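Note sheet for the following structure.
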Amino acid sequence: YVPTEMDILHAGQKNTGITETRFKYGIHMFDVGGQRLEQKKWIRCFEGVTSSIFCTVLSEYDQVLLEESNMNHVVELLILFGSVINSCWSLRTSIILFFNKIDVFKSKVPKVILLSRSLLHSELILPHHRRRFANSI
């Protein structure tokens with residue numbers, strides 16, 4: 001079997017831990033694990049960073065976390081994004097927010113209800129997360 005370009009583009013793997021890639025001209029890329037337990041390890045990656053690309057899956061707006069079944073995936077991402085951009089390590093950092101899996105999102109939108117501010121009062125968001133979520137939207 002020889003994969004097509006589309007096969008390669010759609011391939012993925014679960015990322016855990018921190019992976020560093022160095023490019024020419026002094027550019028370093030850190031890929032940090034997406035699971036909640038990995039987030040505590042990220043802080044050292046932000047020191048001295050001039051720009052950061054925050055990639056997230058737009059199509060998971062209707063899913064909950066593996067680690068916490070009562071937390072919506074997008075809500076968790078908004079909270080995480082808020083903590084990244086408001087961190088003291090990110091004060092002088094250019095932040096780029098990149099949504100991927102747009103094709104999956106477009107196919108889901110007609111079938112699955114989108115998130116809105118009404119989600120703020122839903123049971124999907126724990127009371128202690130509501131303030132952080134409200135400030136993120």
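Would you be able to say whether some residue in segment 45-65 is over 30 Å from K111 (Cα atoms) and at pLDDT below 75?
The answer is yes; a qualifying residue exists.
Could you tell me which residue of segment 90-114 is modelled with the lowest pLDDT, considering only residues that are assigned to a loop (DSSP other than H, G, I, E, B) and among the basic types (K, R)?
Among them, the one singled out is K111.
Quickly run through segment 55-89 and pick out the residues that are of a type in the set (A, V, I, L, M) and in a strand (DSSP E or B).
Within segment 55-89, V57, V64 qualify.
The values are calculated or read from the model by the stated rules, or taken from the named source; none is laboratory data. Everything numeric here is computed off the predicted structure, so don't read it as measured data.
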